[in-house]
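The values are calculated or read from the model by the stated rules, or taken from the named source; none is laboratory data. Quick caveat: nothing in here was measured; it's all calculated off a predicted structure. Neighbour counts run over all protein chains shown; Cβ positions are idealised from the backbone, glycine included. The area values use the complete protein model at the heavy-atom level, side chains included, leaving out ligands, DNA and RNA. Shrake-Rupley method; radii C 1.70, N 1.55, O 1.52, S 1.80 Å.
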Amino acid sequence: EGVTAYLDFSTRVDFPHADTGLSSSRTMSIEICSDAFEASLATATDAATAAHICAVTLLLNTTGTTAQDALDAQVTELTTGLDTAYMLLSAFLVFLMQAGFAMLCAGSVRSKNVKNILIKNVLDACVGCMAFYFFGWGVAYGVDADGKGNDFIGAGSFFLADNTTAGGGAFTDWKGFIFQWAFAAAAATITSGAMAERTQFAAYLGYSFLLTAFVYPVVVHWVWDGNGWLSAWGETNKQAVIDFAGSGVVHMTGGVAGLMGAMIVGPRTGRFGADGKPNPMPGHNAALVVLGTFILWVGWYGFNPGSQLAIAGVTNAEVTSRVAVITTLAAAAGGVTAMILHYALYGVWDLIAVCNGVLGGLVSITAGCPVIEPYAAVLAGIGGAVVVWATGKLLLKLKIDDPLEAFAVHGACGAFAVIFVGLFATEEYVLQAYGTPWGKVEYGLFLGGSGALLGNQILEVVVITLWVSVTLGGFFFAMKQAGLLRSSAEEEALGLDESKHGGSAYNMEKL
């Protein structure tokens, strides 16, 4: 009864006892026996033991529980556990980016506004979580009671009340929620940096909630939900785009929202002189900027490789590993390019410019990281650094004050990244990472593609720009008309820390 052979052989599989009068809770560890393996068992033990083990195998097979079924079940269980653990760890890395944004923002503003920007960073996570729980997840991934969704917006699963699969039932996609909430919080934080040092706190709370509850989730639905009209993850869709980890979905959405806010709230007092030329308003702590940049870079290894959503299996492991390398190359190329560019133009080894170059490179690779070659990753990083510099100059010409260059880094580089995919995506990697959602493989124009993918990528850039500009631009305009958008001149001059947050972030006694 229940003989178990503990032998040094290959993988063993646990099976429940067949209906032989033994307790159903007991299990037996057995080897799946062929004739040759039974002979080897007999050599290692004795013929009676070997025959008994293989007889149990036969009994299990004849009662409907095959060894292969049990093995498949255990492999599935192991794969699910591994993929879930990987996705959760990736979500935690993406959430760590909030600390990176906090340090970057704190170092980039003047010392009198540090508490103000930091509380906004903390509340991006808190308000964003509530908004995404109430409405955001349902808008992004919810379906109707019949399991169907429409092209434009999700419907259902508000407050995580129902599952997002056909047939309804209790909500079960916990790993998906935590992963997507971390992305939503990142989009909101991008916006707050562009409007730093002169925006009322109530206005911030309003746009943070609106962005994470509605504006951003709609874009997520378009691109990442299987029902979305730009999605590559559902049925055949000739309009499908490649925006793997969200250069458009996350970074453009946050960046364009920040641009609209910066335009409507207006520049900081004194940012531009009477002649229209910008006056320097450097951040107060370069060390915090560097720390924030490194934290963000580390977090990006959850952002980009984690967007494969799985690690088990040869293909998933290969794509994930390649994405990590491609991401690193683009970041490094962006930093080096920014250093060379600013020294060539201004004769200065500019630390802040290098940090922005790294971030620009990271944003510029986020859309296409699984589908481009290493040389193209370097080109994307170089292009991102140039885009950050050129966009920053353009905004100053237009008298748009963006203290963290949030639109340059996230909005402009996000658009560049999405279009870059349409030029440099390789046929082999697209097939591996995406398959054929267009009905055939579509890939980069410069590598022999038809140009259809490039057209789709440009369409994504246009519709995200229009959607975010209209929705959040309208919100910011309404808040301005109501007198709720901008802090008073007195509060701004004193500093928002003293006027709104109980005092300076730096309380150092004189000795």
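Could you pull out every residue, at least 5 positions away or on a different chain, whose amide H is within less than 5 Å of the one on Asn304? Hs are placed 1.01 Å off N in the peptide plane, and Pro or chain starts have none.
Residues meeting the criterion, in which the H sits 1.01 Å from N, do not exist here.
Can you work out the Karplus-derived ³J(HN,Hα) for every residue in region 450-457? Use 6.51 cos²θ - 1.76 cosθ + 1.60 with θ = phi - 60°, whole Hz, and x for glycine or proline.
Each residue's phi maps through the Karplus curve to give 6, x, 5, 4, 4, x, 5, 5 Hz.
What distance in nm lies between label points placed 7 Å from Cα along the C-beta direction at Tyr346 and Val462?
Distance between the two pseudo-spin positions: 3.6 nm.
Report relative contact order for region 268-411 in percent, whole number only (criteria: Cα-Cα under 8 Å, sequence separation at least 6).
24 percent
Which values of log₁₀ I(q)/I(0), to two decimal places, follow from the Debye formula for region 368-487 at q = 0.16, 0.23 Å⁻¹ with a uniform point scatterer at every Cα?
Scattering profile of region 368-487, log10 relative to I(0): -0.85, -1.28.
Which FRET efficiency value, to the nearest 0.05, do you get for Met508 and Phe294 by plugging their Cβ-Cβ distance into 1/(1 + (r/R0)^6) with R0 = 30 Å?
0.70
Give me the accessible area per residue for the chain, probe 1.4 Å, as a whole number in Å².
That works out to 42 Å² for each residue.
What's the percent breakdown of Cα-Cα distances in region 219-295 across 5 Å bins, shortest bin first?
All Cα pairs considered, the percentages come to 3, 13, 12, 12, 14, 13, 10, 9, 8, 5, 2, 0.
Hey, quick one: spin label on Gln432, modelled 7 Å out along Cα-Cβ, who in region 367-406 has an amide N within reach, i.e. under 20 Å?
Inside the label zone: 367-381.
Quote to one decimal, in nm, the extra length available between Ser450 and Val75 on full extension: 0.36 nm per residue of separation minus the C-alpha distance between them.
Extending this stretch completely gives an extra 131.0 nm.
If you stretched the chain out fully between Tyr375 and Val122, how much longer would it get, using 0.36 nm times the residue separation minus the C-alpha to C-alpha distance?
87.3 nm
If amide H atoms are built 1.01 Å from N in the plane of the peptide, which residues on other chains or at least 5 residues away come under 5 Å of the amide H of Phe272?
Amide H neighbours of Phe272: Asn279.
Taking every pair of alpha-carbon atoms in region 302-431, give the share separated by more than 22 Å as a whole percent.
Everything past 22 Å amounts to 36 percent.
Give me the orientation-averaged projected area of the Cα convex hull of region 290-342, in nm², one decimal.
Seen from a random direction, the Cα hull of region 290-342 projects 3.9 nm² on average.
Can you tell me the dipole magnitude for region 390-510 around its Cα centre, using point charges on the Cβ only (Lys, Arg +1; Asp, Glu -1), in Debye to the nearest 20?
Magnitude of the dipole: close to 320 debye.
Quick check of the Kirkwood formula: for region 154-237, what is the inverse mean of 1/r over all pairs of different Cα atoms, in Å?
14.6 Å
Trypsin sites (Lys or Arg not before Pro) within region 440-511: which are DSSP loop residues with at most 16 other Cβ atoms inside 10 Å?
When the trypsin sites (Lys or Arg not before Pro) of region 440-511 are filtered for loop state and at most 16 Cβ neighbours within 10 Å, Lys440, Lys510 remain.
Put a dot 7 Å past each Cα toward the Cβ at Ala489 and Trp233; how far apart are the dots in nm?
5.0 nm
Could you give the nm distance between label points at Asn279 and Leu82, where each point is 7 Å from its Cα heading toward the beta carbon?
6.1 nm
Translational diffusion coefficient of region 226-370 at 4 °C, 1.567 mPa s, Stokes-Einstein with Kirkwood Rh over Cα pairs, in µm²/s as a whole number.
It comes out at roughly 73 µm²/s.
Compute the FRET efficiency between Leu89 and Ala317 as 1/(1 + (r/R0)^6), taking r as their Cβ-Cβ distance and R0 = 25 Å, and round to the nearest 0.05.
The pair Leu89/Ala317 has a calculated efficiency of 0.95.
Let me check against my output: what whole-number percent is the relative contact order of region 431-511, with C-alpha pairs under 8 Å and at least 6 apart?
The normalised contact order for region 431-511 reaches 9 percent.
Taking only DSSP H segments of four or more residues, each worth -39500 (n - 2.57), what value at 222 nm results for the chain once the sum is divided by all its residues, to the nearest 500 deg cm²/dmol?
About -19000 deg cm²/dmol.
Could you tell me how far the Cα centroid of region 178-196 sits from the Cα centroid of region 478-511, in Å?
The two parts, judged by their Cα centres, are 22 Å apart.
In the P(r) worked out for the chain, what percent of Cα pairs fall beyond 28 Å?
58 percent
Given R₀ = 35 Å, what would the calculated FRET efficiency be for Asp151 paired with Gln68, taking r from the Cβ atoms and rounding to 0.05?
Calculated value: 0.25.
Output the relative contact order of the chain, whole-number percent, from Cα pairs under 8 angstrom with separation of 6+ residues.
18 percent
Would you mind pulling out the separation of the Cα centroids of region 425-474 and region 210-272, in Å?
One Cα centre to the other: 14 Å.
Limiting things to C-alpha atoms, what are the Rg and the maximum Cα-Cα separation (Dmax) for region 338-383, in angstroms?
Both quantities, over Cα of region 338-383: 12.0, 37 Å.
How large a share of the accessible area of the chain, in percent, is made up of carbon and sulfur atoms when the probe is 1.4 Å and the other protein chains stay in place?
Carbon and sulfur together cover 65 percent of it.
Between Thr199 and residues 5 or more places away or on another chain, which pairs have amide H atoms under 5 Å apart, with H built 1.01 Å from N, and which residues are they?
Ser487
Report the longest stretch of the chain that contains none of the GluC sites (Glu not before Pro) sitting in a DSSP loop with at most 10 other Cβ atoms within 10 Å.
Excluding the exposed sites themselves, the longest stretch runs over 236-508.
If you plug each phi of region 288-304 into the Karplus form 6.51 cos²θ - 1.76 cosθ + 1.60 with θ = phi - 60°, what whole-Hz ³J(HN,Hα) values come out, in order, with x for Gly and Pro?
5, 4, 5, 4, x, 5, 5, 4, 4, 4, 4, x, 5, 6, x, 5, 8
Work out from phi, with θ = phi - 60° and the Karplus expression 6.51 cos²θ - 1.76 cosθ + 1.60, the ³J(HN,Hα) of each residue of region 183-195, listed in order in whole Hz, and give x for Gly and Pro.
Each residue's phi maps through the Karplus curve to give 5, 4, 4, 5, 4, 5, 5, 4, 5, 4, x, 5, 10 Hz.
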